[in-house]
Amino acid sequence: PLPPKTSLSREEILRYSRQLVLPELGVRGQLRLAASSVLVVGCGGLGCPLAQYLAAAGVGRLGLVDHDVVELSNLHRQVLHGEGRAGQAKAHSAAAALGRLNSAVQCVPYAEALTPATALDLVRRYDVVADCSDNVPTRYLVSDACVLAGRPLVSASALRLEGQLTVYHYEDGPCYRCVFPTPPPAETVTNCADGGVLGVVPGVLGCLQALEVLKIAAGLGPSYSGSLLLFDALTGQFRRIQLRGRRSDCVVCGDHPTVTHLQDYEAFCGSSATDKCRSLQLL
Amino acid sequence: PLPPKTSLSREEILRYSRQLVLPELGVRGQLRLAASSVLVVGCGGLGCPLAQYLAAAGVGRLGLVDHDVVELSNLHRQVLHGEGRAGQAKAHSAAAALGRLNSAVQCVPYAEALTPATALDLVRRYDVVADCSDNVPTRYLVSDACVLAGRPLVSASALRLEGQLTVYHYEDGPCYRCVFPTPPPAETVTNCADGGVLGVVPGVLGCLQALEVLKIAAGLGPSYSGSLLLFDALTGQFRRIQLRGRRSDCVVCGDHPTVTHLQDYEAFCGSSATDKCRSLQLL
Amino acid sequence: LSGKLCCWVEGERGGAELLFDGVKKHQVTLPSQDEPWDVRNLLIWIRKNLLKERPELFIQGDSVRPGILVLINDADWELQGELDYQLQDQDSILFISTLHGG
Amino acid sequence: LSGKLCCWVEGERGGAELLFDGVKKHQVTLPSQDEPWDVRNLLIWIRKNLLKERPELFIQGDSVRPGILVLINDADWELQGELDYQLQDQDSILFISTLHGG
Ligand SMILES: [Zn+2]
Ligand SMILES: [Zn+2]
């Protein structure tokens, strides 16, 4: 976490004037944003628009985690990376693009996979975590690390023409394990490489995810703790559904947790966090 | 309009592979996108994310209209422009950024205001129009030009913590004048400079607007013709309301139109299309 | 004589809500009167009872000012007779001010 | 003996819908039976009547497979007794498969 910030410079007042004038945010909210740090797990289809709007809004520090390199087939949805970045680490490419947009934001690239050995330490260094990852083991890893470190987690996902968004472990809300105590059978999980995704669908979800992060960081509170937003891009329909609350018998956030250290999530899920060749199934 | 495209190169197949695999789009939809042209009216908070995702998706040609130059106070929401572009025309800055993302897209910057003298000619050169403007006279001008030229219009707006989206003049749907036959009193209109706007709100709306444009261009049809999407960023709520249909007595798209040429929209609305000093009011 | 009516009068946040004393959704009980309650009467009632200040930002003549959309149960009032629509118990009337910012 | 029940069984597009023969929303009439219809019985009925192929992508044991959320009238079934929830006429049961892509 960053030290508190007590005043805005003349340049900051000018730069953020259009949001400072909002009574819901104001100078107080802007100071909170500037003193806040966000860990972005995944600099792909969700992470690109999310990081873009967090940097634009003046969040103090952004940690950018991605072990992957930019490929041509990413560019239909991963809009921070340009053609000239092909072959570079996504974390570095994203940091460079964000620096052009707002040089005052500290961008810290981590060009490596998030692992059980590193995740807890990393999550502890940030105030809010955005799960923009693309696989099941990482989603359990990020959630467990957020519970153990006591950090709120804003989670989004997108596939084909659909997207989902929710907030985990915010105040008394559920964590990922409360809602999904058991991982799905590996053969039922479809990734974007196999199932495809229309690029603007993670665009919509990444922006909504950024909005939830900004509201948490500015002290306004999120809208989707304990509920799930479903988006169907073909019909343009949004639907909000009510999730369960925190489970007192949850193995990680419950009253008597048995998961007190990070585990081997690839073994737990029966699939790899980095392998691109997962099997294609209907759902 | 561009000539039809009949096949994809190996590089295009690789680049767009994640959306080609979608049965709703497929090679046929991608060929349609590549042969389509979109006029983006306004390269600000809505136009930036919209143009970004249209270019990423492989739309053939993007016309970028904006008479304004990049200012520091734009950057909290106008994410295509970087700090280094301050003072440059937004149309040129946007074209340069889009070229880095997808060099195959033809970006045509028009660093000038859309006027009654130029609008019809310009609109006729494109297949779909996106209204990303920020003032009432331009909204009437764009809509009338789309009706006279027979082009569908995807319209979005954002202010403070709210956004609206709809599609005008698509097949038998209403035009802007069907819904708003009389302009609002000038003193009731708030602009982003006065009312403020959280940057990610036009981000969400611009992405949804891009999605509607892509569905029209790919032949899937829009979701919001004749209906209006309302978004409240503070509560995260989306709401869809049913608009009227086309009015047979509409002065421009009705059965006996009296508006057959573009007019003086600043006089009609009693306000300026380019002046930043409009009066602040509650609504 | 027509009985009492309960309706919901709603202004969306940031817009008409501000005119309605900062409350987004008002539950409104309309008194009995000789003629049925229609939207024309409701606007007069709103002007008298809800609009705390600057009614000209909301009302123009006997209708709403241009730029405000009126939704009766989430559908455009133009589909339902506009000012002449006769209110039913539990109807929801939503006023939306159009945004123009980009 | 409990009477016939009408329910809506829905799989969201791209997910469970595909298992339900490509139809997003099924209106389902459940026959009279001795015991009340609960979600446990409904899953057996769905397996027999709606799942055209690969039921293992949907069912595991006597419940849905991990990764599928069950919503009864748009709220998590965990709030309502899960398998033991007794269906009411016109209930809507929605199956959502979680997405993991980014
Ligand atoms: Zn938990
Ligand atoms: Zn019309």
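The values are calculated or read from the model by the stated rules, or taken from the named source; none is laboratory data. Here the structure is a predicted model, which means the values were calculated and not measured. When we count neighbours, we look across all protein chains shown, and the Cβ atoms used for this are built from the backbone with ideal geometry, even at glycine. When the accessible area is computed, the model is the full protein with side chains, heavy atoms only, and any ligands, DNA or RNA have been set aside. Shrake-Rupley method; radii C 1.70, N 1.55, O 1.52, S 1.80 Å.
Meeting the requirement of 1 or more residues that are touching a residue at least 40 places away in the same chain (Cβ under 8 Å) and within 11 Å of chain B (Cβ to nearest Cβ), the strands (runs of 3 or more DSSP E) wholly within chain C are C:5-11, C:68-72, C:92-97. For the stretch B:177-194, indicate whether the set of residues that are under 16 Å from A:Leu208 (Cβ atoms) and open to solvent by 10 Å² or more (accessible area, probe 1.4 Å) is non-empty. There is no residue in the stretch B:177-194 that is under 16 Å from A:Leu208 (Cβ atoms) and open to solvent by 10 Å² or more (accessible area, probe 1.4 Å). Taken together, B:Gly82, B:Gly87, B:Gly47 contain a single residue that is open to solvent by 10 Å² or more (accessible area, probe 1.4 Å) and more than 8 Å from chain A (Cβ to nearest Cβ), which is B:Gly87. Specify the residue that is nearest to the other protein chains (Cβ to nearest Cβ); the eligible residues are those in the stretch A:121-140 that are within 17 Å of A:Cys43 (Cβ to Cβ) and part of a helix (DSSP H, G or I). The selected residue is A:Arg139. Looking only at the stretch C:12-34, which residues are at pLDDT 85 or above and small (Gly, Ala, Ser)? If the condition is that a residue be at pLDDT 85 or above and small (Gly, Ala, Ser), then C:Ser32 is the only one that fits. Within the stretch C:46-102, being open to solvent by 20 Å² or more (accessible area, probe 1.4 Å) and touching a Pro at 6+ places or on another chain (Cβ under 9 Å) holds for C:Arg47, C:Glu56, C:Gln60, C:Pro66, C:Gln86, C:Thr98. For C:Glu35, the test of being out of contact with any strand residue (DSSP E or B) (no Cβ under 8 Å at 6 or more places or on another chain), of a type outside the set (A, V, I, L, M, F, W, C) and exposed (fewer than 15 other Cβ atoms within 10 Å of the Cβ) is failed. Yes or no: the stretch A:275-283 includes at least one residue that is open to solvent by less than 30 Å² (accessible area, probe 1.4 Å) and either at pLDDT 95 or above or within 16 Å of ligand 2 (Cβ to nearest atom) (or both). No.
Picking from residues in the stretch B:135-156 that are among the small types (Gly, Ala, Ser) and under 13 Å from the mean Cα position of the chain (by Cα), the one that is farthest from ligand 1 (Cβ to nearest atom) is B:Ser143. As a summary of the residue check, C:Trp45 satisfies the conditions (1) under 22 Å from B:Leu159 (Cα atoms); (2) under 10 Å from the mean Cα position of the chain (by Cα) except for the one numbered (1).
Per the listing A:Ser271, A:Ser225, the residue uniquely within 22 Å of the chain's Cα centre (by Cα), among the polar types (S, T, N, Q) and modelled with pLDDT of 95 or more is A:Ser225. The set of residues from the stretch A:235-260 being within 8 Å of another protein chain (Cβ to nearest Cβ), part of a loop (DSSP other than H, G, I, E, B), free of Cβ contacts under 8 Å to residues at least 24 places away in the same chain and of a type outside the set (Gly, Ala, Ser) comprises just one member, A:Thr235.
Of all residues in the stretch A:165-222, count the ones that are within 19 Å of the chain's Cα centre (by Cα), in a helix (DSSP H, G or I) and among the small types (Gly, Ala, Ser). Of the residues in the stretch A:165-222, 4 are within 19 Å of the chain's Cα centre (by Cα), in a helix (DSSP H, G or I) and among the small types (Gly, Ala, Ser).
Of B:Leu141, B:Leu161, B:Leu98, all but one fail to be crowded, with 22+ Cβ neighbours inside 10 Å and in contact with a Phe, Trp or Tyr (Cβ under 7 Å, 6 or more places away or on another chain); the exception is B:Leu141. The criterion of at least 1 residues that are in contact with a helix residue (DSSP H, G or I) (Cβ under 6 Å, 6 or more places away or on another chain) and more than 30 Å from A:Ala34 (Cα to Cα) is met, among helices (runs of 4 or more DSSP H) falling completely within the stretch B:1-115, by B:10-15, B:17-20, B:26-34, B:47-57. Scanning the stretch B:9-24 for residues that are facing chain A (nearest Cβ under 7 Å) and closer than 27 Å to A:Asp232 by Cβ yields a total of 8.
Table: residues versus (1) under 14 Å from C:Thr98 (Cβ atoms); (2) more than 14 Å from ligand 2 (Cβ to nearest atom); (3) modelled with pLDDT of 95 or more.
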{"residue": "B:Cys146", "(1), (2), (3)": "no, no, yes"}
{"residue": "B:Gly150", "(1), (2), (3)": "no, no, yes"}
{"residue": "B:Ala158", "(1), (2), (3)": "yes, yes, yes"}
{"residue": "B:Gly163", "(1), (2), (3)": "yes, yes, yes"}
{"residue": "B:Cys175", "(1), (2), (3)": "no, no, yes"}
{"residue": "B:Val179", "(1), (2), (3)": "yes, no, yes"}
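Residues that are hydroxyl-bearing (Ser, Thr, Tyr) and facing chain C (nearest Cβ under 7 Å) were ranked within the stretch B:159-192; the one that is nearest to ligand 1 (Cβ to nearest atom) is B:Thr188.
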